[in-house]
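The values are calculated or read from the model by the stated rules, or taken from the named source; none is laboratory data. Because the structure is predicted, anything quoted here is derived from the model rather than measured. Here the Cβ is made from the backbone with ideal geometry for all residues, glycine too, and neighbour counts use every protein chain on show. For accessibility, only protein heavy atoms count, side chains too; no ligands or nucleic acids. Shrake-Rupley method; radii C 1.70, N 1.55, O 1.52, S 1.80 Å.
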Amino acid sequence: AMGTGTFLHTIIERVAEQVAAREGEGAVPGAVHDLAKRLVGFELQMNPYAVAELRATDLVRDKQATPPRDGLRFYVTNTLDDPYEEITQLGSSFGAISRSRRRANEVKAKTPVTVVIGNPPYKELAVGDGGWVEHGGREHGQRARPILEDYFAEGGGRFKAKLKNLYVYFWRWATWKVWETTPQFGDVHRGVVCFISTAGYLTGPAFTAMREHLRRHASEGWIVDLTPEGQT
């Protein structure tokens, strides 16, 4: 849910600043080029996707870096869709969207990811909007259970509707991707999930199993309270 790409653009700026301070301005183009090959962005809507790609490409060039030969890895896709589904080839007018979804699924299913960062959408009672996370799918020809079930507490049936929220779907997808899929270091999963989201999951009774799941997989959890008054 990268929107117009603000998080990814800030990451590019941050890397450029740190490399310049540590190694000098001459090292910035190479570092930004290398970074651009490793950045991935998913966006459901075409207009913000186009803005994000254009802005990021301009920013990479502004740092005197060359964009990747095959372009930035920004894709038009629904993050929550089944990563293992076969993408039907659309007609010539929509062929680019078909290719984008196929490449996005390659990232979702097989590419090691060490950081997922963003501001996921919030929508209560989002029953049916969770895609593969909510409904499961088919993995390697076998029926796969919905990974959202890991957030269901035993005997907590009356609270399940509270978990059917878009930001919860994104939390579950991100933790699955970073901590539970392809190991990045031998058989060890290491990575960071960093989201701006509502704080309801921190104390609400519906989120007991979600909190337990986060504690089980994370070595550290940092909660930064961003209040409307600007206090932290």
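Measuring nothing but how far apart in sequence close Cα pairs (under 8 Å, 6+ apart) lie, relative to its length, the stretch 152-232 scores a relative contact order of 30 percent. Ligands, DNA and RNA excluded, the heavy atoms of residue 77 present near 10 Å² of accessible surface to a 1.4 Å solvent probe. Given +1 at the Cβ of Lys and Arg, -1 at the Cβ of Asp and Glu and no other charges, the dipole of the stretch 10-135 around its Cα centre is 360 debye to the nearest 20. Our summary gives the stretch 108-170 a relative contact order of 44 percent, counting only alpha carbon pairs under 8 angstrom and 6 or more residues apart. Taking a straight line from the alpha carbon of residue 63, these lysines sit under 18 Å away, with near neighbours fewer than eight places off in the same chain left out: 37.
For the residue pairs 108/164; 110/177; 108/160, the alpha carbons lie more than 18 Å apart in 108/164; 108/160. Only one item in (1) 22.8, 75; (2) 18.9, 60; (3) 22.7, 66 matches Rg and Dmax of the Cα atoms in Å derived from the coordinates shown, and that item is (2). In order along the stretch 127-136, phi translates into HN-Hα couplings of 4, x, 9, x, x, 4, 4, 8, 10, x Hz, rounded to whole numbers, per the Karplus curve 6.51 cos²θ - 1.76 cosθ + 1.60 with θ = phi - 60° and x for Gly and Pro. Ordering 162, 108, 63, 37 by accessible surface, largest first, gives 162, 37, 63, 108; the 1.4 Å probe counts only protein heavy atoms, with every chain in place. How high is the relative contact order of the chain, in percent, counting Cα pairs under 8 Å that sit 6 or more residues apart? Rounded, it is 17 percent for the chain. At q = 0.10, 0.16 Å⁻¹, what is the base-10 log of I(q)/I(0) for the stretch 97-232 according to the Debye formula with one equal point scatterer per Cα and no solvent? Please give it to two decimals. Result of the Debye calculation: -0.36, -0.93.
Remark: spin-label model distance residue 10-residue 187 equals 3.8 nm, labels positioned 7 Å along the Cα→Cβ axis.
Computed with a 1.4 Å probe over protein heavy atoms only, the accessible area of residue 34 comes to about 70 Å². Averaged per residue, the chain has 59 square angstrom of accessible surface, using a 1.4 angstrom probe with ligands and nucleic acids left out.
Expressed as a whole percent, the accessible surface of the stretch 1-141 that belongs to carbon and sulfur atoms is 50, based on a 1.4 Å probe.
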